[in-house]
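I have placed the structure first, in the form of structure tokens, so that the comments after it can refer back to it.
The values are calculated or read from the model by the stated rules, or taken from the named source; none is laboratory data. Because the structure is predicted, anything quoted here is derived from the model rather than measured. Because the Cβ atoms are built from the backbone with ideal geometry, glycine has one as well, and the counts that use them run over all protein chains shown. Just so you know, the surface numbers come from the protein's heavy atoms only, side chains and all, with ligands and any DNA or RNA stripped out. Shrake-Rupley method; radii C 1.70, N 1.55, O 1.52, S 1.80 Å.
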Amino acid sequence: QVQLVESGGGLVQPGGSLRLSCAASGSISNIYTMEWYRQAAGKQRESVAGITSGGSTNYADSVKGRFIISRDNAKNTVYLQMNSLRPEDTAVYYCNAYVRDSSSWKLSNYWGQGTQVTVSS
């Protein structure tokens, strides 16, 4: 089994910054694309940013130029540096990853439990 655990959420004022982390653990052979999603109250979950195992990245238009996704393959961890935060960035942020299990060799998609980010003065 594989687990994804997010951390780093919290309350921040508009214009501030936060750094989210998501660490994968368990029976891991390979981690492929890792992504951050978010879900605001009353809205659908949306993709924020993604990064491949080779380091190629993509971003939602709403966060381009403000958020940076990165990963440390040695630590099985993906990060989301969020700068110039706005009230509309308030949401629960979820980590998502495609992982090949080292025991079963099965490729599966996993979600973390989510971390709350609140941008408010």
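One table, with the values for the structure above:
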read-out: Residue satisfying all of: in the range 104-121; among the aliphatic types (A, V, I, L, M) and surrounded by 13 or more Cβ atoms within 10 Å (Cβ to Cβ); nearest to Gly8 (Cα to Cα) among these; value: Val117
read-out: Elements of type strands (runs of 3 or more DSSP E) in the range 1-71, at least 3 residues being surrounded by 15 or more Cβ atoms within 10 Å (Cβ to Cβ), touching a Pro at 6+ places or on another chain (Cβ under 7 Å) and of a type in the set (D, E, K, R); value: none
read-out: Residues (outside any loop (DSSP other than H, G, I, E, B) and either closer than 20 Å to Gly10 by Cα or open to solvent by 60 Å² or more (accessible area, probe 1.4 Å) (or both)) located in the range 72-90; value: Asn73, Ala74, Lys75, Thr77, Val78, Tyr79, Leu80, Gln81, Met82, Pro87, Glu88, Asp89
read-out: Filtered residues of the range 86-121 (kept if of a type in the set (Phe, Trp, Tyr) and on the phi < 0 side of the Ramachandran plot); value: Tyr93, Tyr94, Tyr98, Tyr110, Trp111
read-out: Residue within the range 94-103 that is of a type outside the set (Phe, Trp, Tyr), open to solvent by 60 Å² or more (accessible area, probe 1.4 Å) and either touching a residue at least 12 places away in the same chain (Cβ under 8 Å) or part of a strand (DSSP E or B) (or both) present; value: yes
